[in-house]
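Please read the structure below before turning to the comments.
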Amino acid sequence: MTATRTIRVGTRASLLARTQTDTVVNALAAATPGLAVDTVLVSTQGDRSGAPLEQIGGTGVFVSALRDALLAGDIDVAVHSYKDLPTAPVAGIALAAVPLRQDPRDALVARDELTLLELPVGATVGTGSPRRAAQLRAMDLGLDIVSIRGNVDTRLGRVLGSTGVAPDLDAVVLAVAGLQRLSRAHLVTELIDPMQMLPAAAQGALAIECRADDADLLATLAGLDDHATRSAVTAERSLLAALEAGCTAPVGALADVVETDGSDDLASSGSGWDIYLRGSVTAIDGSDAVRLSISGPLDTAEELGRRLAADLIDLGATTMMGSSK
């Protein structure tokens, strides 16, 4: 790519979105010395509304405006939290890169540095995720799960307090990756084991999109791609797609890439490496849940997701998702 071209990178205006986008902008600039990169702020439906995500459309509310700007030529690159992306592809848009994923786990931030098991019966725990709410209820800890919206600092303030605002929750559950990116990880009182709470599909990963016909930019962005991360989230999102579930459905998924032949080098073919995929579906009220796992060669990521989804459906996953689909 010629250094004379200015690449316009679109992002949501939240501090987390801009911080995530800055990592992409810096990586692009480092990969192509002299390349001019500008950041363009785009307002999305999810940013403008304070209503619960499932009420304003759920999947895609943080994405469609960025994709519209991309197709209109107003921006050249869109950076998303990968878990926000609908599973269906969009004509004219390519997933150019999936950078190295950060910690995919959920995290608890509680008053008095308490863990989940230490919270008293009746403690109020805030989350904007039906998946987290369902899994928390399924733990049967006697917690009062409260639906909340807002950026990371707004949510943290409801537990820890902020200038002029008294805390009104005992704890919140957030993605640890976002806390890490915002240098707030020191506030975590418990990293929740995936055995207790499976994260959202692609949690902790970024998705970098550009127009499918922009060959030069596709080639440049390919240098930011991490093969293991892309394979893992491909398996997770294949599960989500096969369940016909969106980002607000109570579905958890986590894939680990593991070597099988003693080689430390993950070739682009993935030979000698397997995927271990876990998936769960939990009834919104926590009354029922199903969790299964599957493993297979790295190059079968999509197939593994579909197979695990079929197994979950056989055990009643569709009924558990109910109206959240």
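Given the alpha-carbon gyration tensor of the chain, what are the semi-axes of its equivalent ellipsoid in whole angstrom, ordered largest first, with each equal to the square root of 5 times an eigenvalue?
For the chain, the semi-axes come out at 31, 25, 18 Å.
Among Asp84, Asp38, which comes first, second and so on when ranked by fewest other beta-carbon atoms within 10 Å?
Going from sparsest to densest Cβ surroundings: Asp38, Asp84.
Pop the C-beta distance of Thr260 and Asp168 into the FRET formula with R0 = 41 Å and round what comes out to the nearest 0.05.
Numbers: r = 50 Å, r/R0 = 1.21.
The pair Thr260/Asp168 has a calculated efficiency of 0.25.
Would you work out the charge dipole size for the chain about its Cα centre, treating the Cβ of every Lys and Arg as +1 and the Cβ of every Asp and Glu as -1, and quote it to the nearest 20 debye?
Dipole size: approximately 860 debye.
Got a sec? How would His80, His186, His227 order by Cβ neighbour count within 10 Å, fewest to most? It would help to have the intermediate numbers written out before the result.
Numbers: His80 24, His186 7, His227 17.
Least to most surrounded, the residues fall as His186, His227, His80.
How far is it, in nm, from the label point at Ala215 to the one at Ala30 when both lie 7 Å from their Cα along the line to the Cβ?
2.9 nm
In debye, nearest 20, what is the charge dipole magnitude of the stretch 226-316 about its Cα centre with +1 on Lys and Arg Cβ and -1 on Asp and Glu Cβ, if you could check? Before the final figure, lay out the partial values.
On the way: 6 positive and 16 negative charges, 62 e Å.
Result for the stretch 226-316 is approximately 300 debye, rounded to the nearest 20.
Given the options Asp299, Asp112, Asp153, which has the most mean-square fluctuation in a GNM of the chain, springs set between C-alpha atoms less than 10 angstrom apart?
Asp112
Using 0.36 nm per residue of separation minus the Cα-Cα distance, give me the extension gain between Asp193 and Arg111 in nm, one decimal. Write out the running numbers ahead of the final one.
Values: separation 82, 0.36 × 82 = 29.52 nm, distance 1.95 nm.
Gain on extension, Asp193 to Arg111, equals 27.6 nm.
Based on Cβ point charges of +1 for Lys and Arg and -1 for Asp and Glu, what charge dipole magnitude is obtained for the stretch 106-191 about its Cα centre, in debye rounded to the nearest 20?
Magnitude of the dipole: close to 420 debye.
What is the pair-distance distribution P(r) of the stretch 226-316, computed from all Cα-Cα distances in 5 Å bins starting at 0, with each bin given as a whole percent?
3, 16, 26, 21, 15, 9, 6, 3, 1
Using +1 at the Cβ of each Lys and Arg and -1 at the Cβ of each Asp and Glu in the stretch 106-191, identify which of Met139, Leu114, Asn151 lies farthest towards the dipole's positive end.
Of the options given, the answer is Asn151.
Quick note: the coordinates plus some simple rules give every number you see, no bench work behind them. Please read these numbers as outputs of a predicted model, since none were measured by experiment. Every residue, glycine as well, gets a Cβ built from its backbone with ideal geometry; the counts of neighbours run over all protein chains shown.
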